[in-house]
Amino acid sequence: MRRDPNDLDRYTASERVIHWVVGISFILAGLSGLALFHPAFWPFTMLFGSSIWTRILHPYFGLLMGVAFLVMAVWFWRLNRMNRVDWEWLRRVGEMVNGNDEHMPEQGKYNGGQKLLFWLLLFGTILLLFSGVVIWRAWFHFDINQVRLASVVHAAVAAVMIGLIMVHIYASIWVKGTIRAMWYGTVTRAWARQHHRAWYRYMTGLGNGQSR
Amino acid sequence: MAWQSLDIQRRSATTTPAPGARQATEVAKLIDISQCIGCKACQVACMEWNDLRGEVGHCAGVYDNPGDLDSQTWTLMRYTELENNGRLEWLIRKDGCMHCQDPGCLKACPAPGAIVQYANGIVDFHQENCIGCGYCITGCPFNIPRLSEKDHKAYKCSLCSDRVAVGQSPACVKTCPTGALHFGSKEAMKDHAEHRIADLKSRGFSNAGLYDPPGVSGTHVMYVLQHADHPEWYSGLPRDPKISPWVGIWKGLAKPLAIGAMAAITLASLFHYIIKGPNEVSKETEKEVENETRS
């Protein structure tokens, strides 16, 4: 069901599936976690059956999210290795945010921001998994001081992760033609050329005349 | 269940003030360790009044039985054999909730109304609102609350709030045969303690004193200690208990900071979109791609 034979394959079906598993479990873990974090979010407990079910389910959502993300990280880490151009891109991210992306350094499949996000999320996920296990009283009994430290780490890292994911989601809404990559795996050639020109050349063998 | 005659002054996971029109006298239980003979009548009375039946424990070489507080054991005699200046002293401490004026359990609890503090100072768990997360254990500086293995609710001494609500003293106090336990207004208990401490000092316990730790703004269960300079001798009674700074950050600064950051990102995204508009592929690029693809 390809609208245009020239569209470029960006994600395979299994890559899309694992991303949705991570995304859905992140939202479930996030909403249930926020409910337990601040009374302002307590009404979210009603989304999960009851406050007690929220407490029971939250760690399993988290575990699913963590494990699925680690699988995704194994598949994607090579594509996210930072290079000099990525740091240059990050230094000039202000131009991008300002809406002037035509002079940004040429990017491969991922830009510096996406790569940095990947590593921050991976680091955060590992911290959340470890600290989450320490405070999971249904199954584990850790020393009280470890539990106290882990409670702070878990809450703080989760808040940062939620912030990062909000930026991630907004970026996909802001940059038109992006979300379809996660629905059916393809992007238009023009989209690739504008946002990921090195990847565009790699995929099509075209556009060499324009490279820097 | 909230006792109507006991006004609630603080409620877990609640950000607005509790009704505060009526004034109540602060109450306290005074445990005079120097008069305790370790008979465990208080432990029995607690089980009796609260309908609790713990598992029959095992002997670990000391009189402590059961070995620890649990969901069925809200008060527990802890025995310490202390050799002090060539003399053997048997320090027997009745362990249980201290009913802190600034309760770490209540501060940590995420479930609205699962932990309340009455205007008289008693800290009570309302199990029907408890979700079983165990944050109260994380918050408690005295290691008191226990999660039940059966129903996954947290339990601890209620200072017999049901009895106190109708003008009775707690069951343990009622039953104590030696007068080691006293119950009344906090002021009256402090006065009584002063007399006891003066008496102990006249008998050579020069470091006798009252345990009413200021780190938790005082407690509604206080001890008279023969060795107030060494609370840790009494089965590890904390010297300067206070809510852990980690719990303080987790339940304090982290909350407004996280909410503020999330709100800021949401608003910044919205207004960025409105001010800058969507980032669309330019017509020029579309044309270039068409030319490149055709050639």
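Could you give me D for chain B, from Stokes-Einstein at 4 °C and 1.567 mPa s, where the hydrodynamic radius is the Kirkwood radius over C-alpha pairs? Units µm² s⁻¹, please.
On the way: Rh = 21.8 Å.
Calculated translational D: 59 µm²/s.
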*Taking H as built 1.01 Å from N, whose amide H comes closer than 5 Å to the amide H of B:K94, not counting residues under 5 places away?*
B:R78
*May I ask you to list, by number, the DSSP H helices of chain B whose Cα span along the axis is at least 30 Å and whose average Kyte-Doolittle hydropathy reaches 1.0 or more?*
B:254-276
*With +1 on each Lys and Arg Cβ and -1 on each Asp and Glu Cβ, and nothing else charged, work out how big the dipole of the protein assembly as shown is about its Cα centre, in Debye to the nearest 20.*
1280
*Can you list the aspartates and glutamates whose alpha carbon sits under 12 Å from that of A:K109, skipping same-chain ones fewer than 8 residues off?*
A:D9, A:D86
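Find the Rg to Rh ratio for region B:253-294, where Rh is the Kirkwood radius over alpha-carbon pairs and Rg uses the same atoms.
Values: Rg = 18.9 Å, Rh = 13.3 Å.
Over the Cα atoms of region B:253-294, Rg/Rh equals 1.42.
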*Tabulate in residue order the Karplus-calculated ³J(HN,Hα) for region B:64-73, using 6.51 cos²θ - 1.76 cosθ + 1.60 with θ = phi - 60°, rounded to whole Hz; enter x for Gly and Pro.*
4, 7, x, x, 7, 4, 8, 5, 9, 10
_If amide hydrogens are placed 1.01 Å from N in the peptide plane, which non-local residues have theirs closer than 5 Å to the one on B:V221?_
B:K29
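Arrange the following residues from fewest to most other Cβ atoms within 10 Å of their Cβ: A:W199, A:W87, B:W246. Please list the in-between numbers first.
Values: A:W199 21, A:W87 14, B:W246 17.
By the 10 Å Cβ count, ascending: A:W87, B:W246, A:W199.
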_Under 26 Å from B:K251, Cα to Cα: lysines that are on another chain or at least 8 residues apart_ = B:K107, B:K153, B:K156, B:K242
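Let me check I've understood the local charge: for B:V173, count other residues with C-beta under 12 angstrom from its C-beta, Lys and Arg +1, Asp and Glu -1. What total comes out? Intermediate values should be presented prior to the final figure.
On the way: positive: B:K29, B:K94, B:R163, B:K174; negative: B:D32.
Its environment carries a net charge of +3.
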*Can you list the aspartates and glutamates whose alpha carbon sits under 16 Å from that of B:K190, skipping same-chain ones fewer than 8 residues off?*
B:E26, B:D32, B:D199, B:D212
*Select from chain A the helices, each a whole stretch of DSSP H, whose alpha-carbon atoms run 24 Å or more along the helix axis and whose Kyte-Doolittle mean is at least 1.6; answer none if there are none.*
A:112-134
*asked:* Let me see the P(r) profile for the protein assembly as shown: every Cα-Cα distance counted, bins of 10 Å, each bin given as a percent of all pairs.
replied: 4, 16, 22, 18, 13, 10, 8, 6, 3, 1, 0
_Using Cβ counts within 10 Å as a stand-in for footprinting exposure, how do A:T125, A:T12 rank, fewest first?_
A:T12, A:T125
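Every number here is computed from the coordinates shown, using simple stated rules; none is lab data. Note that the structure is predicted; figures quoted are calculated from it, not measured. Reconstructed Cβ throughout: ideal geometry from the backbone, glycine too, with neighbour counts over all protein chains shown.
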